[in-house]
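Down below is the structure, laid out as structure tokens.
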Amino acid sequence: MSRGDLLSIHPLELRFPFALRKQISCSLQLSNKTDNYVAFKVKTTNPKKYCVRPNAGVVLPRSTSDVIVTMQAQKEAPPDMNCRDKFLLQSVKVNDGITAKDITSELFNKEAGHVVEECKLKVVYLSPPQPPSPVHEGSEEGSSPRGSVSDNGHVNAAEFSTVRSCCIYLSFLLLSAVHSTDANGVHFCCRMQAAKAFNEQLEAQDLSPE
């Protein structure tokens, strides 16, 4: 906010969220700090690029007025998003009852003895927000990897191989138990035939097409 004796101006930078081929507007708020009528006028170093409404007016005592600055659509972005355009806001105390249509350039002529306050405003281009980066499932810190499942609902080949190895090991333990003694008199031949059939079933599944 400016520290002039007549007007408080906020903000002191014209901030435009830059976008190609699109008109962009921002606003200034002028607050009259006095008990007098204050006239103002807005100038820019690049009048063809900006539209200021109103570019001149009167702020009543202890009241506020808004100024809208519109940047015309741009075809290309400046290097490094730096803008050299400048604005100058002039203000002067005027007689009570004066209106915007009574404002002339002579009111802001310092050589004519008028006390004119000036505030320089710079233009700032804001880069458009970047879309968030996609987060892949299972990439979060502390998360555990998840097994993949094929479209038909079956586990993939790597996981099937792991399961098959475990089953072969269990089959081996079952076959080893054939040579142990059985206090209950269970027929070991049945155990051997069951283990052999189970192992053959696993080999058939391993050779079957996906």
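Quick note: the coordinates plus some simple rules give every number you see, no bench work behind them. Keep in mind the model is a prediction, meaning the values are calculated, not measured. For neighbour counting, all protein chains shown are included, and Cβ atoms are generated from backbone atoms with ideal geometry for every residue, glycine included.
What number does the range 7-126 give for Rg over Rh if you use C-alpha atoms and the Kirkwood radius?
Ratio value, two decimals: 1.01.
Pairs to check: K33/K75; K43/K101; K86/K110; K49/K120. Give those whose C-alpha atoms are more than 29 Å from each other in this structure.
As for pairs spanning more than 29 Å Cα to Cα, those are K33/K75.
Report the calculated FRET efficiency for S105 and D80 (r = Cβ-Cβ distance, R0 = 22 Å), to the nearest 0.05.
Once the sixth-power term is evaluated, E becomes 0.05.
Rg over Rh of the range 3-59, using C-alpha atoms and the Kirkwood radius, what does it come to?
Rg divided by Rh gives 1.02.
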